[in-house]
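J.: I'd like to ask you about the structure that follows.
The values are calculated or read from the model by the stated rules, or taken from the named source; none is laboratory data. All values reported here derive from a predicted model rather than from experimental measurement. Backbone-built Cβ (ideal geometry, glycine too); neighbour counts: all protein chains shown.
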Amino acid sequence: MTAIEDRHADSVASEGVLPDAPVGLVRLDAAARVVAANRAAWDLLAVSPDAVLGQPCESLWGLPAAVLDDEEGSWCAPGNDPARRIRYQADRDGEGWLLSLPHPETAALLRDAARLAHGEIPPAVIPPLRDLAQRLADATAERALLERIGALLGGCDLDLALPDAQAAHPLSRQIAAGFGNLAEAIRQAVALSVQVASEVPHLVGDNDELLTQSQAQVTALDTVLDITRRLLQGLKGAGEELQAVIAVAASADASARQGVAAARQLGDAMREVERRSARAGDVIEVIDAVAFQTNILSINASIEAARAGPAGRGFAVVATEIRRLAEQAATAARDVRVILDESGRALTESAASAEATGEVLVGIGDLLARASQAMESVVERVSAQDQEVIAIDAAVDRVAALSRSNLEHADQVAARGTALAQGTDTLRDCVGLFRLPADPLGHRRHARVRDLAQDAAVRIGEALALALDHGRIDEDALFSRDYAPIPGIEPAKFTTAFDALCDELLPPLQEPVAARHPWIVFAICANPDGYVPTHNLRFSQPLTGDRAKDLVGNRTKRLFADRVGRSVGAHTDPYRLQVYRRDTGQIMFDLSVPVFVGDRHWGGFRVGYTLE
């Protein structure tokens with residue numbers, strides 16, 4: 001019992017009466033019949049005294065008499081009313097029991113606590129339980145929110161649409177941001193898997209073609225290897241044959257030298273014969289002169305014999321015979337002279353021929369000598385080519401081995417391409433488990449950023465075009481892709497031919513977008529290489545030399561080569577929505593739209609923001 005109840009019980013036990021106290025008191029006799037009760041008990045029991053006095057204790061919410069076997073204790077009535085609780089204590093004299101009923105406030109407290117425990121929020125809660133009731137109400141709302149989220153996640157449903165009552169909960173914004181990040185990340189994975197899947201057949205086809213070409217290359221190299229080995233054998237044979245030819249040429253050169261010597265000797269002999277023939281001609285001249293003189297003498301003798309008459313006839317006959325002999329000698333001399341002349345001419349021609357033969361033989365000897373030298377040079381070159389062919393043979397052998405290895409690798413690549421195709425199908429099947437929002441722009445924040453970005457991109461393109469028209473920059477400079485590093489800065493920064501113009505034109509167009517909503521982190525331009533010439537003022541703070549601080553505080557004039565950074569200025573889609581983890585560690589969305597200067601694509605305007 002409570003201290004109040006104990007105090008009242010002691011008073012009743014000592015005085016034998018039931019005081020009019022806030023606590024309901026009931027007296028039972030030894031037979032467990034109701035013999036007395038105070039006003040608080042009648043009010044709590046909500047019955048008249050006549051209906052209960054003299055009745056068994058069962059009339060008190062069904063209290064069984066068997067419960068009263070102990071000297072003291074408590075009993076709760078069956079049902080859902082926790083306020084129906086009776087505490088009992090036997091009298092000291094053993095003549096009955098004193099029962100105490102809950103205080104009305106205690107009963108109300110017990111009833112409200114029980115309802116709260118069952119998840120019911122009473123319309124009016126007693127003051128001690130109001131804070132608890134509010135906490136339970138908040139917990140109930142959070143539980144309902146978590147149950148809804150659990151049901152969506154259990155079904156891989158990322159299309160989160162919360163009722164207004166749940167959307168107003170403080171956790172809803174973080175949960176919606178998480179769902180949005182996850183949904184767009186999976187959407188990007190789906191798009192990437194589709195892109196990879198579309199490329200895989202081409203990759204497999206290229207691998208098959210590479211495999212075929214590698215096989216053909218191996219076959220061709222084997223053929224080349226066989227040809228080079230046959231060539232090597234042919235060069236060896238040619239070298240041996242050239243050595244034999246050199247030996248024959250050397251022998252021919254020796255014979256030619258002997259022929260030259262013989263020709264020279266023949267020429268000398270011919271000249272000697274010619275000299276002697278000339279001497280015979282002189283003798284013939286003498287004979288011819290003698291014959292002429294003899295003929296003259298015979299004529300003179302005939303004349304004298306005629307003058308002598310008969311006495312001179314015999315002398316005339318002799319003279320006639322002498323003249324005939326002289327004529328025959330003269331004729332013979334002339335014939336010999338003709339023969340000697342012809343022999344002389346023949347000897348002269350023979351000597352000339354022998355001399356020419358000697359010269360020819362000398363030329364042949366020189367040619368044979370040069371041919372021998374040339375063949376020796378050829379032998380040397382063949383020997384050198386032999387070594388080169390051996391090197392080529394070794395190189396071709398190595399290339400053939402590499403080609404065989406490439407063939408094996410191409411086969412492996414083909415197998416991996418097939419596995420990649422299967423993996424891509426698996427990836428598409430896995431990400432296909434998730435139900436994504438049909439239109440990412442269905443989220444009001446995405447649609448709002450898209451509108452802001454498209455409007456800013458148009459105005460930026462017009463400003464750059466106007467600068468071109470006014471001659472403030474030429475087209476080559478505006479579209480330049482040359483970057484000059486700024487020394488001594490980490491992370492690296494660069495200057496370009498157009499960044500000074502951007503420092504002047506872009507802030508008035510970028511800053512209003514960046515300041516439009518507190519959840520927008522940045523709004524900047526980037527060219528197709530991911531170069532940001534002019535960042536927002538909040539990210540263009542003075543350099544400190546501290547890399548970690550400058551990484552966050554000064555991000556202007558940098559080349560952003562991450563997955564998102566290198567794509568925002570390169571695409572020409574109407575818009576591109578991406579989610580990524582920034583190099584500062586922050587997860588955010590990036591929505592970019594192309595910037596055109598006239599009809600030429602210059603870059604993109606990108607807005608970074610969160611859903612929280």
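J.: With the structure loaded, tell me whether Ile524 is of a type in the set (A, V, I, L, M, F, W, C), within 15 Å of Gly603 (Cα to Cα), within 34 Å of the chain's Cα centre (by Cα) and buried (at least 16 other Cβ atoms within 10 Å of the Cβ) or whether it fails that test. Spell out the reasoning first.
T.: Values: of a type in the set (A, V, I, L, M, F, W, C): yes; within 15 Å of Gly603 (Cα to Cα): yes; within 34 Å of the chain's Cα centre (by Cα): yes; buried (at least 16 other Cβ atoms within 10 Å of the Cβ): yes.
So Ile524 passes the test.
J.: Regarding the stretch 438-453, can at least one residue be identified that is modelled with pLDDT under 70 and hydrophobic (A, V, I, L, M, F, W, C)? Reasoning before the result, please.
T.: Taking the stretch 438-453 first, the residues modelled with pLDDT under 70 are 438.
If we keep only those that are hydrophobic (A, V, I, L, M, F, W, C) as well, we get 438.
Scanning the stretch 438-453 turns up at least one residue that is modelled with pLDDT under 70 and hydrophobic (A, V, I, L, M, F, W, C).
J.: Would you mind stating whether Arg324 is among the basic types (Lys, Arg), modelled with pLDDT of 75 or more and in the same structural domain as Thr357 (by TED's automatic domain parsing)? Lay out the reasoning, then the answer.
T.: Details: among the basic types (Lys, Arg): yes; modelled with pLDDT of 75 or more: yes; in the same structural domain as Thr357 (by TED's automatic domain parsing): yes.
So Arg324 fits the description; yes.
J.: Can you confirm whether the stretch 359-373 contains a residue that is more than 30 Å from Gln265 (Cβ to Cβ) and either surrounded by 12 or more Cβ atoms within 10 Å (Cβ to Cβ) or modelled with pLDDT under 70 (or both)?
T.: no
J.: Just give me the residues in the stretch 482-499 being at pLDDT 95 or above and not hydrophobic (A, V, I, L, M, F, W, C), in sequence order.
T.: Hits for the stretch 482-499 are Asp482, Tyr483, Pro485, Lys493, Thr495, Thr496, Asp499.
J.: Where residues in the stretch 520-565 are β-branched (Val, Ile, Thr) and in contact (Cβ under 8 Å) with a residue 24 or more places away in the chain, which of them is farthest from Leu452 (Cα to Cα)?
T.: The initial filter retains those residues of the stretch 520-565 that are β-branched (Val, Ile, Thr), namely 520-521, 524, 532, 534, 544, 552, 556, 564.
So of that shortlist, the ones also in contact (Cβ under 8 Å) with a residue 24 or more places away in the chain come out as 520-521, 524, 532, 534, 552, 556, 564.
Details: Ile520: 11, Val521: 14, Ile524: 12, Val532: 19, Thr534: 18, Val552: 24, Thr556: 21, Val564: 19 Å.
Out of the qualifying residues, it is Val552.
J.: Listed residues Ala66, Ala46, Ala30; which is closer than 18 Å to Pro102 by Cβ and exposed (fewer than 15 other Cβ atoms within 10 Å of the Cβ)? Walk me through it before giving the result.
T.: Numbers: Ala66 fails: closer than 18 Å to Pro102 by Cβ; Ala30 fails: closer than 18 Å to Pro102 by Cβ.
On inspection, the qualifying residue turns out to be Ala46.
J.: Quickly run through the stretch 487-521 and pick out the residues that are among the charged types (D, E, K, R) and buried (at least 19 other Cβ atoms within 10 Å of the Cβ). Even if it seems obvious, please write down each step before you answer.
T.: The initial filter retains those residues of the stretch 487-521 that are among the charged types (D, E, K, R), namely 490, 493, 499, 503-504, 511, 516.
Of everything in the stretch 487-521, those that are among the charged types (D, E, K, R) and buried (at least 19 other Cβ atoms within 10 Å of the Cβ) turn out to be Lys493, Asp499.
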